[in-house]
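Here's the structure we're looking at; comments come further down.
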């Protein structure tokens, strides 16, 4: 019933998370009716996405395709002996918005989830252990999401790190974050309070 190009656009947009058939139709029709320059901007941005973004080999944060290591790691003003561990790269942005943390980051690349087939060996835990040694880390702040998967991951990290480095200080963000909310969606005030009131595990 619809022109082929419009149908293809609807199907492509429908592959995005949280976008159902009706929403995909609205997005596609909006783009069709809009200035063609908007479509060009979006298509160019998407074409450059994979070539323009890569993962930092030290922190596993997202960096520019031309960078070697994350500036949040190489910045001399950053305390390499304090490492904040998050599940996903976008969680770093949420923490940075608070302007309360001046250490470095480590991205696990997810959380333990047997249902989704994510096991501990698939996370960047071994790399974290190596960083603790190489950077002579004194404190690890676990900032996994307040979910079942996040809690399981935090407990495993706690056990693993304390066994490997008994003198290491392992803390967790304070219980200011609502259950079931991803870190990247939390507001700055909640994140600031949670970071400031972190407690030992």
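Laboratory data are not the source of any read-out in this text; all were calculated from the coordinates shown. Source: prediction; values computed, not measured. Here the Cβ positions follow ideal geometry from the backbone for every residue, glycine too, while neighbour counts run over all protein chains shown.
Stretch residue 19-residue 201 to full length: gain in nm at 0.36 nm per residue minus the Cα-Cα span?
Working: separation 182, 0.36 × 182 = 65.52 nm, distance 3.87 nm.
Gain in length upon complete extension: 61.7 nm.
How far is helix 36-47 tilted off the main Cα axis of the chain, in degrees rounded to 10, range 0 to 90?
The answer is roughly 40 degrees.
Taking the chain as the reference, fit the longest principal axis to its C-alpha atoms, fit the long axis of helix 148-164 to the helix C-alpha atoms, and give the angle between the two in degrees, 0 to 90, nearest 10.
So the helix axis and the longest Cα principal axis differ by about 30 degrees.
Hey, what did the chain get for relative contact order, percent, Cα under 8 Å, at least 6 apart?
Worked out over the chain, it gives 16 percent.
Can you pull the one-decimal nm distance between simple spin-label points at residue 35 and residue 68, each 7 Å off the Cα toward Cβ?
Placing both labels 7 Å beyond Cα along the Cβ direction yields 4.1 nm.
Can you tell me the length gained on complete extension of the stretch residue 126 to residue 167, counting 0.36 nm per residue apart and subtracting the Cα distance? Could the numbers behind the result be given before it?
Working: separation 41, 0.36 × 41 = 14.76 nm, distance 1.83 nm.
Once the chain is fully extended between residue 126 and residue 167, it gains 12.9 nm.
When DSSP beta bridges are limited to those with both residues in the chain, what percentage is antiparallel, rounded to the nearest 5?
Beta bridges within the chain, antiparallel portion: roughly 30 percent.
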